[in-house]
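Q: Got a structure here, written out as structure tokens. Questions coming.
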Amino acid sequence: MEASFLMTMRHRTAIVGMTAVLLAAGPASSRANEATASTSPAAAERPAHFVLTDASQSIDALIARLLDALAKSDAQALNRLRVTEQEYRSFFLPGASEPGSPARTYDDASSTFAWQMLETKNAYTAAAIMKGYGGHTYRVKEVTYLKGRKEYAWYTAYRTMSLRLEDENGKTAELVLGSVADVDGQFKFVSLKGNS
């Protein structure tokens, strides 16, 4: 019984470690990740063209949709700017390895858990964004990526987007969001949570 409990706790610890890395739209590279992810020649290959549902055709277009969702206090429109569960589990998780490296493979339980962790953080973040910024009309004064641009095996990430905004009354604010993924010229947020 004690051995079984320890194995369960080790598995959960490994998944939590993996999820923390993946929330940063980065490759799963820690020792903890090795328990739930592996690379091998038999790993899946990148699809020739992976289609993201309801993606924007540029980062500017993605930001325009974000500002429109905020102006309308439209939580569903904000949600549509993020990757879906299917996209995250079938494309972003395996494709988060270094360029030229094989795809990473995850068992169903691990990828489900990683998605659930991301989804929970996104839900809280979306609610906070709507509470703090919803109902206002903003224009963008500056866009920066606090953690820069990074190439992964299957996509490019623009990490931790910071928007300097000005509202209809001339008041300025900074909105820090998560990473934006570029998949063959299709743009979506991997995470809404800033510093990810």
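Bear in mind these aren't lab numbers, they're just calculated from the coordinates by the rules spelled out. From a predicted model like this one, the values you see are computed outputs, not experimental measurements. Heads up, the Cβs are rebuilt from the backbone with ideal geometry, glycines too, and the neighbour counts pull from every protein chain shown.
Residue-wise test of (1) farther than 30 Å from TYR138 by Cβ; (2) among the charged types (D, E, K, R).
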{"residue": "GLN76", "(1), (2)": "no, no"}
{"residue": "ARG82", "(1), (2)": "no, yes"}
{"residue": "ARG89", "(1), (2)": "yes, yes"}
{"residue": "PRO99", "(1), (2)": "yes, no"}
{"residue": "LEU118", "(1), (2)": "no, no"}
{"residue": "ASN122", "(1), (2)": "no, no"}
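Q: Now, a different point. If I filter segment 52-61 for residues that are surrounded by fewer than 17 Cβ atoms within 10 Å (Cβ to Cβ), of a type in the set (Gly, Ala, Ser), out of contact with any Ser or Thr (no Cβ under 9 Å at 6 or more places or on another chain) and farther than 14 Å from GLY134 by Cβ, do I get at least one hit?
A: yes
Q: Run down GLY178, GLY194, GLY170, GLY132 and say which single residue is on the phi > 0 side of the Ramachandran plot and of a type in the set (Gly, Ala, Ser).
A: GLY170
Q: List, please: which pairs have Cβ atoms under 8 Å, are six or more places apart or on different chains, and start with a residue in segment 57-83 that is touching a residue at least 12 places away in the same chain (Cβ under 8 Å) and under 18 Å from VAL180 (Cα atoms) and end with one that is in a strand (DSSP E or B) and among the polar types (S, T, N, Q)?
A: GLN57/GLN186; LEU62/SER56; ARG65/SER56; LEU81/SER56
Q: Tell me which residues, restricted to segment 71-130, are charged (D, E, K, R) and either surrounded by fewer than 18 Cβ atoms within 10 Å (Cβ to Cβ) or touching a Pro at 6+ places or on another chain (Cβ under 9 Å) (or both).
A: Of everything in segment 71-130, those that are charged (D, E, K, R) and either surrounded by fewer than 18 Cβ atoms within 10 Å (Cβ to Cβ) or touching a Pro at 6+ places or on another chain (Cβ under 9 Å) (or both) turn out to be LYS72, ASP74, ARG80, GLU85, GLU98, ARG104, ASP107, ASP108, GLU119, LYS121.
Q: Do the conditions hold for ALA153, that is, is it surrounded by 12 or more Cβ atoms within 10 Å (Cβ to Cβ) and under 19 Å from ARG80 (Cα atoms)?
A: No: the conditions fail for ALA153.
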